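The values are calculated or read from the model by the stated rules, or taken from the named source; none is laboratory data. Worth saying up front: this structure is predicted, and the values here are computed from it rather than measured. Using ideal geometry, Cβ is built from the backbone for each residue, glycine included, and neighbour counts are taken over all protein chains shown.
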């Protein structure tokens, strides 16, 4: 019986030790990672709530803008369908800008096609122009530029006052094929 008493005392201590180890393993591998995930999720929820609050502040601005976008444009504003220039027509580009400048009553100083903009198979050509004239005539020039079907976008636009008058630097992207 003495041997049985020792075994039962050892087994009495082994069972709680195994139970404590199992609980620690569950705590270490189960509860702690889940609690970290919950903490991250709570932080992202707080962040999303702040974003939603910010977006709700813009709703009074956003809805009228959406309505205006859905309305048709006034008759004064024309939207041209983009028609790319042919490579063969690029030699006439200075003449096109000269005619545009003449119609707008400004002096064309330079037209510089940026050949590097064609690298990588792009179908867009950047053209830098410089013109001189009266400030109010530049509006006519921009309207004429809007009528050009090959103009995709205006890249940069600046007006400087020089000794010779107002000088406009304009960079446009032309669609080519």
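Check whether at least one residue in the stretch 35-53 is under 26 Å from the mean Cα position of the chain (by Cα) and either assigned to a loop (DSSP other than H, G, I, E, B) or modelled with pLDDT under 85 (or both), and report yes or no.
Checked against the condition, which is being under 26 Å from the mean Cα position of the chain (by Cα) and either assigned to a loop (DSSP other than H, G, I, E, B) or modelled with pLDDT under 85 (or both), the stretch 35-53 yields no hits at all.
Against the condition surrounded by fewer than 11 Cβ atoms within 10 Å (Cβ to Cβ), assigned by TED's automatic domain parsing to the domain that holds residue 166 and in a helix (DSSP H, G or I), how does residue 91 come out, does it pass?
Yes: the conditions hold for residue 91.
This table checks each residue for (1) loosely packed, with under 13 Cβ neighbours inside 10 Å; (2) within 28 Å of residue 87 (Cβ to Cβ); (3) modelled with pLDDT of 85 or more; (4) more than 30 Å from the chain's Cα centre (by Cα).
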{"site": "102", "(1), (2), (3), (4)": "yes, yes, yes, yes"}
{"site": "108", "(1), (2), (3), (4)": "no, yes, yes, yes"}
{"site": "119", "(1), (2), (3), (4)": "yes, yes, no, no"}
{"site": "126", "(1), (2), (3), (4)": "no, yes, yes, no"}
{"site": "142", "(1), (2), (3), (4)": "no, yes, no, no"}
{"site": "145", "(1), (2), (3), (4)": "no, yes, no, no"}
{"site": "152", "(1), (2), (3), (4)": "no, yes, no, no"}
{"site": "160", "(1), (2), (3), (4)": "yes, no, yes, no"}
{"site": "166", "(1), (2), (3), (4)": "no, no, yes, yes"}
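Check off (1) part of a loop (DSSP other than H, G, I, E, B); (2) within 17 Å of residue 174 (Cβ to Cβ) for residue 105 and give me the number that stays unchecked.
Single failed check for residue 105: (2).
Just one of the numbered conditions (1) farther than 27 Å from residue 175 by Cβ; (2) in a helix (DSSP H, G or I); (3) in contact (Cβ under 8 Å) with a residue 12 or more places away in the chain is not true of residue 135; which one?
Only one criterion is unmet by residue 135, namely (2).
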